[in-house]
Amino acid sequence: MTTGYVWNELYGWHHTGSYAGLLPPSLISQPYQHFESPESKQRFHSLVETSGLAKHLVRIDAVPATDEDILRAHTPEHLARIKSESALPKGGDAGDGTSPFGFQGFEIAALAAGGSIAALNAVLDGTVTNSYALVRPPGHHARPETGMGFCIFANASIAIKHAQAANPDLRVVTVDWDVHHGNGTQAVFYDDPSVLTISLHQDDLFPRDSGRITERGEGAGEGFAINVPLPAGTGNGGYLHAIHEVVIPAIRRFAPDVIVVPSGFDASAYDPLGRMSVTASGYRAMTRLLMDVAEEVCGGRIMMTHEGGYSPTYVPLCGVSVLSEMSGVPVDVIHEVYTGYDTMPEQVLSPWQSDAIAAARAAAQI
Ligand code: 9RB
Ligand code: ZN
């Protein structure tokens, strides 16, 4: 078994400017960084190198997505606007006023989409069994007509549509474990029965009023969107229960050719933007469960593409835990640090979490 890995130094150069988290700098908000800064991603890549994992992975080169690739998921107006703002000396914003990018941000966003394309291609052509695209900027909030939530282009969707252009029969399940709703991926495939989108997320966090269990797809795609909104505070017990109760049965029933995971580590106990309690070992256990069901239905084929995760110190541990599980390469250092949250009470499945998961399962008619 081999695991592919994408990283490009330019992902660290995507420039979200001078903010104080999400606030523009002012006399009451001292200029600092935007939440979506390079830190967590660059440090994740550093740990991939320093842990020794990198030498066991197959490094995959990102190639920029072409206009044709991007236009499979986006409107010509969105692409044109990003290109023109990207040519301005101070860059622009992907659509909602909180998703800034710098001069030539278009080129980096196209390289992020291209990294996801390359990672999925490598899995589908058998170069590797599974792969992780550590790309930036993220993509799962980007809708056909706009970017939002720090996302410019819909990286996972663009990769899936690229693969379907070569193989129109390709059927895909997406399992989005970022703490926020994968609304963009859902929107791209909402009327499309060839892609089952599943999102686990903190209930009504971001975007607001999005990701409810009543959102199930439309037209030919009805029943091919599944949402599992989880109460704030959910930890490993709740997440693993949701995977067992909803995600695995849905994947078995759909029997995809490949599983794509928009992978955010902002459901972690240390994340400043989410209020969930997943730990590195929780992310590792979710990876194991997805690998087992992938083995059963699609030859183990999984591609993960990076989304959110804003703890500079903890994201690398979650990421390397996932990559260690995907590749079967043990990384001991993970077990020696930051394990305190693994035994906290919030890791145990609560009745209100299991009720929420049962409701999501019933809505998905599983
Ligand atoms: C808006 C605001 C946000 C936007 C994005 C995130 C996280 C994204 C992520 C969190 C909060 C505010 C639109 C504040 O990690 N996705 O995976 N908040 N955005 N004010 N307004 C008007
Ligand atoms: Zn997120």
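Scanning the stretch 198-223 for residues that are out of contact with any strand residue (DSSP E or B) (no Cβ under 8 Å at 6 or more places or on another chain) and within 15 Å of ligand 2 (Cβ to nearest atom) returns Leu205, Phe206, Arg208, Ser210. If only residues of the stretch 57-70 that are touching a helix residue (DSSP H, G or I) at 6+ places or on another chain (Cβ under 6 Å) and not in a loop (DSSP other than H, G, I, E, B) are counted, the one that is surrounded by the most Cβ atoms within 10 Å (Cβ to Cβ) is Ile70. Residue count for the stretch 12-55, restricted to those that are part of a loop (DSSP other than H, G, I, E, B) and closer than 19 Å to Asp178 by Cα: 5. Against the test of being within 21 Å of Ser324 (Cβ to Cβ), open to solvent by 10 Å² or more (accessible area, probe 1.4 Å) and of a type outside the set (Val, Ile, Thr), the options Ser46, Ser26, Ser40 yield a single qualifying residue, Ser46.
For the stretch 129-141, the set of residues classified as surrounded by 24 or more Cβ atoms within 10 Å (Cβ to Cβ) and more than 19 Å from Glu49 (Cα to Cα) consists of Pro137, Pro138, Gly139, His140, His141, listed by residue number.
Of the residues contained in the stretch 188-197, none is found to be touching a residue at least 40 places away in the same chain (Cβ under 8 Å) and within 16 Å of ligand 2 (Cβ to nearest atom). Within the stretch 142-166, restricting attention to residues that are touching a residue at least 60 places away in the same chain (Cβ under 8 Å) and open to solvent by 10 Å² or more (accessible area, probe 1.4 Å), the residue that is farthest from ligand 1 (Cβ to nearest atom) is Ala165.
Out of everything in the stretch 247-273 that is open to solvent by less than 10 Å² (accessible area, probe 1.4 Å) and assigned to a helix (DSSP H, G or I), what residue ends up being nearest to ligand 1 (Cβ to nearest atom)? Among those residues, the one meeting the criterion is Val247. Residues that are touching a residue at least 40 places away in the same chain (Cβ under 8 Å), under 20 Å from Gly4 (Cβ atoms) and assigned to a loop (DSSP other than H, G, I, E, B) within the stretch 310-334 comprise Gly328, Val329, Val331, listed in sequence order. In the set Pro100, Pro137, only one residue is in contact with an Asp or Glu (Cβ under 9 Å, 6 or more places away or on another chain), at pLDDT 95 or above and within 16 Å of ligand 2 (Cβ to nearest atom); that residue is Pro137.
Being within 16 Å of ligand 2 (Cβ to nearest atom), aliphatic (A, V, I, L, M), buried (at least 21 other Cβ atoms within 10 Å of the Cβ) and touching a residue at least 12 places away in the same chain (Cβ under 8 Å) narrows it down to one of Met303, Met276, so name that one. Please lay out each step first, then the result.
Numbers: Met303 fails: within 16 Å of ligand 2 (Cβ to nearest atom).
Selected residue: Met276, the only one of Met303, Met276 that is within 16 Å of ligand 2 (Cβ to nearest atom), aliphatic (A, V, I, L, M), buried (at least 21 other Cβ atoms within 10 Å of the Cβ) and touching a residue at least 12 places away in the same chain (Cβ under 8 Å).
Can you give me the ranges of the helices (runs of 4 or more DSSP H) entirely in the stretch 145-246 with at least 1 residues that are over 20 Å from Ala109 (Cα atoms) and hydrophobic (A, V, I, L, M, F, W, C)?
In the stretch 145-246, 155-166, 236-242 are the helices (runs of 4 or more DSSP H) which contain 1 or more residues that are over 20 Å from Ala109 (Cα atoms) and hydrophobic (A, V, I, L, M, F, W, C).
Do the conditions hold for Thr75, that is, is it closer than 26 Å to Ala94 by Cα, more than 15 Å from ligand 1 (Cβ to nearest atom), open to solvent by less than 70 Å² (accessible area, probe 1.4 Å) and not aliphatic (A, V, I, L, M)? Don't jump to the end; show me each part of the working.
Details: closer than 26 Å to Ala94 by Cα: yes; more than 15 Å from ligand 1 (Cβ to nearest atom): yes; open to solvent by less than 70 Å² (accessible area, probe 1.4 Å): yes; not aliphatic (A, V, I, L, M): yes.
For Thr75, the condition - closer than 26 Å to Ala94 by Cα, more than 15 Å from ligand 1 (Cβ to nearest atom), open to solvent by less than 70 Å² (accessible area, probe 1.4 Å) and not aliphatic (A, V, I, L, M) - is met.
Does Ala80 satisfy the criteria of being open to solvent by less than 20 Å² (accessible area, probe 1.4 Å), within 25 Å of His162 (Cβ to Cβ) and either at pLDDT 95 or above or not basic (Lys, Arg) (or both)?
Details: open to solvent by less than 20 Å² (accessible area, probe 1.4 Å): no; within 25 Å of His162 (Cβ to Cβ): yes; either at pLDDT 95 or above or not basic (Lys, Arg) (or both): yes.
When the stated conditions are applied, Ala80 does not pass them.
The values are calculated or read from the model by the stated rules, or taken from the named source; none is laboratory data. Nothing here was measured: the structure is a model prediction, and the numbers come from that model. A quick note on method: Cβ atoms are made from the backbone with ideal geometry, for glycine too, and the neighbour counts reach across all protein chains shown. When the accessible area is computed, the model is the full protein with side chains, heavy atoms only, and any ligands, DNA or RNA have been set aside. Shrake-Rupley method; radii C 1.70, N 1.55, O 1.52, S 1.80 Å.
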